[in-house]
Amino acid sequence: MKKVCTFIIIMVLAVALAGSGCTEKGASTPVLKNQEKAFEGRHLTVCSGAGLIKPMNELIESFENETGADVEVRYGGSAEIFGILTSKECDIFIPGDYYYTGQAMERNYVFNESVENLTLHIPVIAVSAGNPENISKLEDLAKPGIKLALGDANGPAIGKVSEAICEKAGILPEVENNTIVRTATVNQLLIYVISEEVDATIIWEDMASWGEASGKLEIIPIPEEQNEIKTIPTAVSVYTEDPELAETFNTYIAGAEAKEIWEKWGFEPCSP
């Protein structure tokens, strides 16, 4: 049975409510055709960015059904799950930004050859339905009186990314002045905007496909030249006690079968 561990209370509420340059290492093929129930009774712990909760839940359920493995997933901000990785408590590391995987590679926390790029993470501006403050572009986030929620720059990947986007646009001081709350996960940002506690936020584009967002928010694209589009990678921890199972899962979520699930949840695939 799938066990989902969450660290932030508002993450539970989220569940209840419902750079750039991405390249592939090589064409992935289905890995489970000859693996049916091959991992019965074996355990795997996945550390995943909280913004990936929808596709990851579906991917894990499919993997468990096909292999018999027992997969536990721990969701959190990218910085948070990086800490879990360093404490040797996860087998698979999937942050919301390649930056954290790069750090893990430099410090020998993951097998470098196991790194697979899964999909793109595209930041967008999200406003509550009706867009009462008439926000139409990035610069509008700097207007006096706008109430913003942003991810903590030391927490979820979206926090660091949002800061970089606003700094590049030359509006970071004004945006920081307008920010009334900073969150530990990107999922919390979704709650703040759909509950109309803030006028706008910056989240990942795929989150607009979540059922709890339906009809409750509007998405404003950020032009590519202003944006900081990221790559979501996966990697096997050097501390895994079951490298065969870990590598099989790692390959599976980057394969052709998994691609359909990523796209179903609004994720844009990596370019070949």
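Worth pointing out:
- Taking the criterion of being more than 17 Å from W265 (Cα to Cα) and part of a helix (DSSP H, G or I), no residue of region 207-224 qualifies.
- Which listed residue is surrounded by 16 or more Cβ atoms within 10 Å (Cβ to Cβ), of a type in the set (F, W, Y), closer than 28 Å to Y192 by Cα and modelled with pLDDT of 95 or more, from F82, F39: F82
- Here E72, E61 are screened, and the one residue that is at pLDDT 95 or above, under 25 Å from E205 (Cα atoms) and surrounded by fewer than 21 Cβ atoms within 10 Å (Cβ to Cβ) is E61.
- Considering the conditions (1) at pLDDT 95 or above; (2) assigned to a helix (DSSP H, G or I), Y99 is excluded by exactly one of them, (1).
- Boolean, T231 is in contact with a Cys (Cβ under 8 Å, 6 or more places away or on another chain) and either outside any helix (DSSP H, G or I) or surrounded by 17 or more Cβ atoms within 10 Å (Cβ to Cβ) (or both): yes
- Scan of region 176-195 for residues that are under 17 Å from the mean Cα position of the chain (by Cα), buried (at least 24 other Cβ atoms within 10 Å of the Cβ) and within 16 Å of L217 (Cβ to Cβ), ordered by number: T183, V186, N187, Q188, L189, L190
- For S214, the stated conditions hold: it is among the hydroxyl-bearing types (S, T, Y) and either in contact with a Pro (Cβ under 8 Å, 6 or more places away or on another chain) or not assigned by TED's automatic domain parsing to the domain that holds E64 (or both).
- Sub-7 Å Cβ pairs linking a first residue in region 193-215 that is at positive phi to a second residue that is part of a loop (DSSP other than H, G, I, E, B), at least 6 apart or interchain, are G215/A129, ordered by first then second residue.
- Every listed requirement among (1) touching a Gly at 6+ places or on another chain (Cβ under 9 Å); (2) in a helix (DSSP H, G or I) is met by G155 save one, (2).
- Here is the figure for region 144-175: residues that are surrounded by 15 or more Cβ atoms within 10 Å (Cβ to Cβ) and over 15 Å from L189 (Cα atoms) total 9.
- V198 being crowded, with 16+ Cβ neighbours inside 10 Å, of a type outside the set (K, R), in contact with a helix residue (DSSP H, G or I) (Cβ under 9 Å, 6 or more places away or on another chain) and in a loop (DSSP other than H, G, I, E, B): yes
- Just one of (1) closer than 20 Å to V238 by Cβ; (2) assigned to a loop (DSSP other than H, G, I, E, B); (3) charged (D, E, K, R) fails for E113. It is (2).
- The residues of region 208-243 that are under 18 Å from L59 (Cα atoms) and modelled with pLDDT of 90 or more, listed by number, are I232, P233, T234, A235, V236.
- All positions within region 234-246 that are buried (at least 18 other Cβ atoms within 10 Å of the Cβ) and in a helix (DSSP H, G or I): L245, A246
- Enumeration of residues in region 124-143 that are in a strand (DSSP E or B) and buried (at least 22 other Cβ atoms within 10 Å of the Cβ): I125, A126, V127
The values are calculated or read from the model by the stated rules, or taken from the named source; none is laboratory data. Keep in mind that this is a model prediction, so the values were computed, not measured. Don't worry about glycine lacking a Cβ; one is built from the backbone with ideal geometry, like all the others, and counts go over all protein chains shown.
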